Amino acid sequence: MIDLLNFTLEQLTDYLLENNISKFKSKQVFDWIYKKNIYRFDEMTNLSKDDRAFLNEHCTIGLLMVKDQMTSKDGTKKFLLELKDGQLIETVLMEYTYGLSICISSQVGCKMGCEFCASTKLGFERNLTAGEMIAQIMTVNQTLGMSIDRVVVMGIGEPFDNFEHFINFIKIANDHHGLDIGGRKLTVSTCGIVPKIYEFADMKLQVNLSISLHETDDAKRNELMPVNRKYPVSDIIEACRYYIEKTNRRISFEYALIGGENDSDSSAKNLSVLLKGMLCYVNVIPVNKIAEGKFNYDKKKNIEGFCGILRKNGIMVTVRRELGSDINASCGQLRRSHIDGV
Ligand code: SAH
């Protein structure tokens, strides 16, 4: 079965044409799916009987099964979703002062091996299709009866390690015939897959880019984030400068503050030097606890001191409010299975 959620409008047009269905039908099908929220071909009344029969026989609209749903004290909701092949992923809905934001997964598991992140601990299973990324938004919309218009690709997986599907996802999410989510309301985060940062820059999309930096010293970053052995800090920064030059857009750097590891005054000074003069800001995230993590999570983090030094050096900083940690729905806590104790 072909999942129609995988197709951009152009791809759907081509697919229908290949099967002798008029190209005008693709917009109608998109309209049923994305505007009218109709997911049964029999209810798509402006399609001919033959067209509906063809779609019923060959195609599907791959919404996901909600296996479990949890709500945090702060209102954050976490969904355990089952894919067609039985694999599990997590998706999180967060409530900010400016509105709702959904955090979607891009892979089943992750290859990157970051020391502090639960998403990688069970290894990598497979990439998600564009349709499976789209379906996370639609499934949550349908379950809660709402229409979420802010998306961060910051759940399980490394989106730039699944680039082609990720870009297709962006096209469908952004298309005004599709989910119609503005580029500026879409954010992607990468641990620093350098060649893809260049490719992404050349596409000149209006999508926000976030870099998971967490450490400026290569030797230490190698330990925290094995991907650094392939793409060291200086290469990432060079790619970011290229991105800014091409797009004139501000980059955000994620920095998970780990007490006694990367939160010293000298770390803050090094970060200030690295980012000086760049069109960017730093998003400091007090590190979240994960079951397999080897850090001393009780150690007090030097949040104020760290941010103060950045600010003094003219670097914009925000401290991310922790959401959903009581249900393991915060940054780095998502995994592709149920976890005991939650
Ligand atoms: N693979 C992509 C997308 C995941 S985004 C990336 O690395 O950017 C998830 C964000 O949460 C990343 O910035 C990641 O580094 C961060 N993170 C992972 N584990 C964390 C933890 N235990 N506490 C706080 N942030 C964490």
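What to note about this one:
- Only one of the listed residues (Lys67, Lys73, Lys36) is charged (D, E, K, R) and in contact (Cβ under 8 Å) with a residue 24 or more places away in the chain. That residue is Lys73.
- The set of residues from region 42-97 being surrounded by fewer than 20 Cβ atoms within 10 Å (Cβ to Cβ) and acidic (Asp, Glu) comprises Asp42, Glu43, Asp50, Glu57, Asp68, Asp74, Glu82, Asp85, Glu95.
- So Leu144, is it more than 17 Å from Gly182 (Cβ to Cβ), more than 14 Å from the ligand (Cβ to nearest atom) and in contact with a Cys (Cβ under 8 Å, 6 or more places away or on another chain): no
- Test for Gly75: is it at pLDDT below 95 and under 30 Å from Gln333 (Cα atoms): yes
- Helices (runs of 4 or more DSSP H) wholly inside region 196-303 containing at least 2 residues that are acidic (Asp, Glu): 218-224, 233-247
- Residues (more than 15 Å from the ligand (Cβ to nearest atom) and either part of a loop (DSSP other than H, G, I, E, B) or not aliphatic (A, V, I, L, M) (or both)) located in region 129-141: Thr129, Gly131, Glu132, Thr139, Asn141
- Tally of residues being of a type in the set (Val, Ile, Thr), more than 15 Å from the chain's Cα centre (by Cα) and over 21 Å from Ile237 (Cβ atoms) across region 173-214: 0
The values are calculated or read from the model by the stated rules, or taken from the named source; none is laboratory data. Since the model is a prediction, treat every value here as computed from it, not as a measurement. Every residue, glycine among them, receives a Cβ derived from its backbone with ideal geometry; neighbour counts consider all protein chains shown.
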